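Following: one structure in structure tokens, then a few remarks.
No lab work stands behind these numbers, since they all come straight from the coordinates. On a predicted model such as this, the values are computed, not experimentally measured, just so you know. Methodologically, a virtual Cβ is constructed for each residue, glycine included, from the backbone with ideal geometry; neighbour enumeration extends over all protein chains shown.
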Amino acid sequence: MRTTPSRRVAPDPGPHPGEETSASERDRPAPGGVAADPTARPLRRDAEANRRRILDAAGRLMAERGLATPLEDIAAAAGVGIGTLYRRFPSRTALVDALFEDRLESYVADAEASLQMGDGWDGLVWFLERTLERQILDRGLSQLVAEDPGPGRIHARRERLGPLALQLVHRARASGRLRPDVTVTDLLLVQKMLVAVGAATAHVDPGMWRRWLTIVLDGLVVRRDGPTPLTEPPLTFEQAEHLHAGGGARRGR
């Protein structure tokens, strides 16, 4: 009896390194015609690891280039395929929203840490320094805060950070060092002002914003025996004029 030789089937190479298996691929019948168990989720840990890598890569690149960074560049930096990025984040908006949540958690952690400090004024100053440094050195974060965040992000920020910010201000007042007429909204606008000038001069000296923060803090405190020493030198007239003209402060003081 004549038998027909079986045809050799090339093994499936599987997904590209760093690439997740799609749902259709997971449901594909296994060799021998047995369908894969749809309840099995062997890639759950890998999927979460890929999500974390994508967020970390997006945070790094968007800090340098802003929120318009190509998604292909983010996927490459994360070591995953663009398909995996879109499975975790179907759109740029979804990725930016997740990055906002990630950054919001950092803000909350900073606020909670500052509330544990013994002196309320010192806690407020530390929190201001942390948040200013984050925004000035992170272009993407600065855009997240400055641009219209949408009602969802506004609500999340108000719900998570609002009560903590009120506690920070109340503790600083109770210490006897913060002016009693200063409010949370005052500090929000002061922060916005310092971020703007700090970002404009970051390429001259990334820490120059500390000079203006010190001046502002001297205005927020109830009283001092004398002005706090400024650790950063001022801009030269040439740098200030160039900055005013819209060209950014040049190096070479």
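What the table below lists for this structure:
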| quantity | calculated |
| --- | --- |
| 12 Å beta-carbon shell around Gln116, net charge (K/R +1, D/E -1) | -3 |
| Segment Glu129-Leu104, extension gain: residue separation times 0.36 nm, minus the distance between their alpha carbons | 7.4 nm |
| Cut-off under 5 Å, modelled amide H: who pairs with Leu235 long-range | none |
| Nitroxide proxy distance, nm - points 7 Å out along Cα→Cβ at Arg44 and His242 | 5.7 nm |
| Relative pair counts by distance (%), Cα atoms of region 104-244, 5 Å bins | 2, 9, 18, 21, 20, 15, 9, 5, 1, 0 |
| Linear extension gain, Thr214 paired with Arg65, 0.36 nm per residue minus alpha-carbon span | 50.8 nm |
| Span from the region 90-119 Cα centroid across to the region 184-233 one, whole angstrom | 22 Å |
| Counted charge near Arg179, where neighbours are those whose Cβ lies closer than 15 Å (Asp, Glu -1; Lys, Arg +1) | +2 |
| Unit Cα scatterers, Debye sum, region 42-90: log10 I(q)/I(0) for q = 0.13, 0.27 Å⁻¹ | -0.26, -0.98 |
| HN-Hα J in Hz across region 165-180 - Karplus 6.51, -1.76, 1.60, θ = phi - 60°, x for Gly and Pro | 5, 4, 5, 4, 5, 4, 5, 5, 5, 5, 6, x, 10, 8, 3, x |
| Extension gain (nm, one decimal) between Arg224 and Ala76, 0.36 nm per residue minus Cα-Cα | 48.0 nm |
